[in-house]
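Reviewing the structure listed below.
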Amino acid sequence: TEATAVEPRGRISPQDAGIWSDLHAEAWAPITRFIKSQGAVAGIQLAHAGRKGSTARPWEAERGRAGVTDEEGGWEPIGPSALPFDGGYRMPREMTVGEIAEVVQAFAASARRADAAGFDWMELHGAHGYLMHEFLSPLSNARTDEYSGGFEGRIRFALETVRAVRAVWPEYKPLTVRLSCTDWTEGGWTLEESVALSRRLKGEGVDLIDCSTGGNVPHAQIPVGAGYQVPFAETIRRE
């Protein structure tokens, strides 16, 4: 599964899949059984859209308009800071420390459900401008508390989430994290920071880093081409 929300406001669009309730887990179970009956592994990507939530499905968004209203099934998105992703997106509300703890526990509860539903491989989405990435990057995290400032503060949410998930996700099942290894924007998250975070994640029981880039700011200049992501994975694997 692609981004599967750990709470309702963690969806990207109102139509996104989730696993924040036991009913969701029951609905996923026959799918994972079928996948495994065919000799394959059922994997799930747990995610929280953060400030990029409450948006229309791509084929429904009007030109220049991304956010959906409460009347259209939307909601007030949350993020590390009250900084919208772009024009047309809804203004996020800065999360309280208590809400951060609630989201960490939502990831853990969703991991338990994913295990019960028969998933055997898990990825936590920490890339593409979604909530975990928003905390990592100075471009989206302007907090003044223990979840911001320098590198240690900005990675705190990611480490707490991984720790909570690894505590309930069986040791024999792989746990992976997807990172945007650079924001492609001056003053943003960097490859060097990705390497440093990956070292920490390895110590927390993460088995693999899925290397992507970008997605946290709308106008980054990304040199898209064949294999352009490969050097990031190569550097993280080596270092």
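Which one of 75, 139, 129 has its Cα pushed farthest toward the positive end of the charge dipole of segment 67-144, where Lys and Arg give +1 and Asp and Glu give -1 at the Cβ?
139
Going toward the positive end of the dipole of segment 151-202, with +1 on Lys and Arg Cβ and -1 on Asp and Glu Cβ, which of 180, 165, 191 do you reach last?
165
Please state, as a whole number in µm²/s, the translational diffusion coefficient that the Stokes-Einstein equation yields for segment 73-150 at 20 °C and 1.002 mPa s, with Rh defined as the Kirkwood radius across alpha carbon pairs. If you can, show how the numbers build up before the last one.
Details: Rh = 14.0 Å.
Here the translational diffusion coefficient equals 153 µm²/s.
So for segment 89-179, taking the charge dipole from beta-carbon charges (+1 Lys/Arg, -1 Asp/Glu), which of 103, 153, 117 sits furthest toward the positive end?
The residue sitting farthest along the positive end of the dipole is 117.
Are there DSSP H segments in the chain that both extend 27 Å or more along their axis (alpha-carbon positions) and score a mean Kyte-Doolittle hydropathy of at least -1.0? List them, or say none.
Working: long enough: 97-116 (29 Å, 0.42).
Long hydrophobic helices here: 97-116.
Rounded to the nearest whole Å², what accessible area per residue is found for segment 78-162 with the 1.4 Å probe?
Working: 2790 Å² over 85 residues.
Here the residues of segment 78-162 average 33 Å² of exposed surface.
For segment 120-167, evaluate the Debye formula with one uniform point scatterer on each Cα (no solvent term) and list log10 I(q)/I(0) at q = 0.14, 0.15 Å⁻¹, rounded to two decimals.
Relative scattering, expressed as log10 I(q)/I(0), comes to -0.34, -0.38.
How much accessible area per residue does segment 6-49 have, counting only protein heavy atoms and a probe of 1.4 Å, in square angstrom? Mind showing how you got there, number by number?
Numbers: 2120 Å² over 44 residues.
Here the residues of segment 6-49 average 48 Å² of exposed surface.
Which trypsin sites (Lys or Arg not before Pro) from segment 1-83 combine a DSSP loop assignment with at most 16 other Cβ atoms within 10 Å?
Details: sites: 9, 11, 33, 36, 51, 52, 63, 65; in loops: 11, 63, 65.
The qualifying sites are 63, 65.
With a cut-off of 8 Å between alpha carbons and a minimum separation of six or more residues, what is the relative contact order of the chain in percent?
Working: 478 pairs, mean separation 42.8, N = 239.
It comes to 18 percent, rounded to a whole number.
Straight-line reach from residue 173: which lysines fall under 28 Å, measuring Cα to Cα and dropping same-chain residues less than 8 apart?
Hits, sequence-local ones excluded: 36, 202.
With the contact rule set at Cα under 8 Å and sequence spacing of 6 or more, what percent relative contact order holds for segment 1-93?
Details: 163 pairs, mean separation 27.4, N = 93.
Contact order relative to length: 30 percent.
Applying the Karplus parametrisation 6.51 cos²θ - 1.76 cosθ + 1.60 with θ = phi - 60° to the phi angles of segment 67-78, what ³J(HN,Hα) value in whole Hz is obtained for each residue in order, glycine and proline being reported as x?
Taking θ as phi minus 60°, the curve returns x, 10, 7, 4, 5, 8, x, x, 7, 7, x, 10 Hz for segment 67-78.
May I ask you to give the percent of accessible area on the chain that is carbon plus sulfur, with a probe radius of 1.4 Å? Let's see the in-between values first.
Details: 5840 of 11010 Å².
Carbon plus sulfur share of accessible area: 53 percent.
Calculate for the chain the 222 nm mean residue ellipticity that helices alone would give, adding -39,500 (n - 2.57) per DSSP H run of length 4 or more and normalising by residue count, nearest 500 deg cm²/dmol. Could the numbers behind the result be given before it?
On the way: 7 runs with 81 residues, N = 239.
Only helices count here, giving -10500 deg cm²/dmol.
Whose amide H sits under 5 Å from the amide H of residue 45, counting only residues 5 or more places off or on another chain, with H placed in the peptide plane?
Close amide H contacts, sequence-distant or interchain: 4, 123.
If 128, 133, 219 are ordered by their accessible area, calculated over protein heavy atoms with a 1.4 Å probe, which sequence runs from highest to lowest?
Working: 128 45, 133 0, 219 135 Å².
Largest to smallest exposure gives the sequence 219, 128, 133.
Expressed as a whole percent, how much of the Cα-Cα distance distribution for the chain exceeds 23 Å?
Across the chain, Cα pairs with separations above 23 Å total 48 percent.
For segment 1-140, state what percent of all Cα-Cα pairs lands in each successive 10 Å bin, counting from 0 Å until the bin that includes the largest distance.
13, 40, 32, 14, 2
Across segment 175-223, what fraction of all alpha-carbon pairs, as a whole percent, falls in each successive 5 Å bin from zero upward?
Percent of pairs per bin, in order: 5, 22, 30, 19, 13, 8, 3.
Can you tell me the dipole magnitude for segment 133-187 around its Cα centre, using point charges on the Cβ only (Lys, Arg +1; Asp, Glu -1), in Debye to the nearest 20?
Values: 7 positive and 8 negative charges, 57 e Å.
Charge dipole of segment 133-187: 280 debye, to the nearest 20.
Say each of residue 60 and residue 33 gets a label point 7 Å from the Cα, pointing the same way as Cα to Cβ; how far apart are those two points in nm?
With each label placed 7 Å out from Cα toward Cβ, I get 3.1 nm.
When DSSP beta bridges are limited to those with both residues in the chain, what percentage is antiparallel, rounded to the nearest 5?
Values: 1 of 21 bridges.
Of those bridges, close to 5 percent are antiparallel.
Note down the nm distance, to one decimal, between modelled labels 7 Å out along Cα→Cβ at residue 101 and at residue 40.
It works out to 4.1 nm between the two label points.
Evaluate the distance, in nm, between pseudo-label points positioned 7 Å from the Cα of residue 222 and of residue 168 along their respective Cα→Cβ axes.
3.1
Say R0 is 30 Å: what FRET efficiency, to the nearest 0.05, do residue 237 and residue 71 get from their beta-carbon distance?
0.05
The values are calculated or read from the model by the stated rules, or taken from the named source; none is laboratory data. In this text the structure is predicted, and so the values were computed from the model without any measurement. For neighbour counting, all protein chains shown are included, and Cβ atoms are generated from backbone atoms with ideal geometry for every residue, glycine included. Side chains included, ligands, DNA and RNA excluded: accessible areas come from the protein's heavy atoms. Shrake-Rupley method; radii C 1.70, N 1.55, O 1.52, S 1.80 Å.
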